[in-house]
Amino acid sequence: MALTSEDDYDCLCKVVLVGDVSVGKTHLLSRYMKDDLPKAPAATIGVEFATKTMKLSSGVNVKTQIWDTAGQERYRAITRAHYRRAAGAVLVYDVTRQETFRSCSLWVTEVREGAQPNAIIMLVGNKIDLVEQDPSSRQVYHDVAAEFARQNGLMFMEASAVSGANVKRAFEDLLQEVYAKAPKESKGLENESGSDMGAARD
Ligand code: GDP
Ligand code: MG
């Protein structure tokens, strides 16, 4: 079967975005995919994903399918389809809201139960631009989050979807690690829909 250049990749990785509502998941995804912020509110039904192909420093082409939620996290009702076969997760909290950080251990448990057993998780403390503007707005200290990440075997970065700081790095470091850790035989994943933007239901 001939491959189009769009499908010319060495690895297809599924990555899920998780974290409490309003921490900035959709904004981080939009910043990474389009280097822009979302223009319209996200759809309210289903789980959506977007794909992007990225060349790792090793020259390997990784096609990533990044799954955003569509508000189900508000009710802790994310479907199993969201996690299924995910090789990586971006777990987001808001550095200005302590409760969103406290939820992270629950999210880690959910990802570990629903995704691939060896899934790599990148913990992202988002909205760091607010702390740069006003240091007193910080509710989650960098060192506390870094220690939580260390204890749970997570990668960690503070970022801002608004300023763009660390967004590309967070996704690309995660993908690099996912690829490095993936067993040879699973460096591929059948495409579930074949389209570049898609929606799926459990
Ligand atoms: P989601 O529910 O996790 O998908 O969060 P959204 O992406 O919808 O963002 C929730 C709110 O946080 C929106 O009002 C965004 O404008 C705001 N927001 C998202 N990311 C940032 C950021 O990096 N900095 C600031 N200051 N606001 C952000
Ligand atoms: Mg969202």
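Data overview
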{"quantity": "Total formal charge among the other residues, if their Cβ is under 11 angstrom from that of PRO38, Lys/Arg +1 and Asp/Glu -1", "calculated": "+2"}
{"quantity": "Lysine pair count for region 2-197 [Cα-Cα under 13 Å; pairs on different chains or 8 or more apart]", "calculated": "11"}
{"quantity": "Pairwise label distance in nanometres, ASP143 with SER22, each label 7 Å out on the Cα-Cβ vector", "calculated": "3.0 nm"}
{"quantity": "Segments 145-154, 93-102 sorted - mean Cβ within 10 Å per residue, highest first", "calculated": "93-102, 145-154"}
{"quantity": "Under 14 Å, Cβ to Cβ, from THR100 - net charge with Lys/Arg +1 and Asp/Glu -1", "calculated": "+2"}
{"quantity": "For region 28-156, Kirkwood radius (reciprocal of mean inverse C-alpha pair distance, Å)", "calculated": "16.1 Å"}
{"quantity": "Normalised contact order of region 2-197, rounded percent, pairs of Cα under 8 Å and 6 or more residues apart", "calculated": "26 percent"}
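Each reported figure results from applying straightforward, stated rules to the coordinates on display, with no laboratory input. Bear in mind the structure is a predicted one, so any value in this text is a computation, not a measurement. Cβ sites come from the backbone with ideal geometry, for glycine too, and all protein chains shown count toward neighbours.
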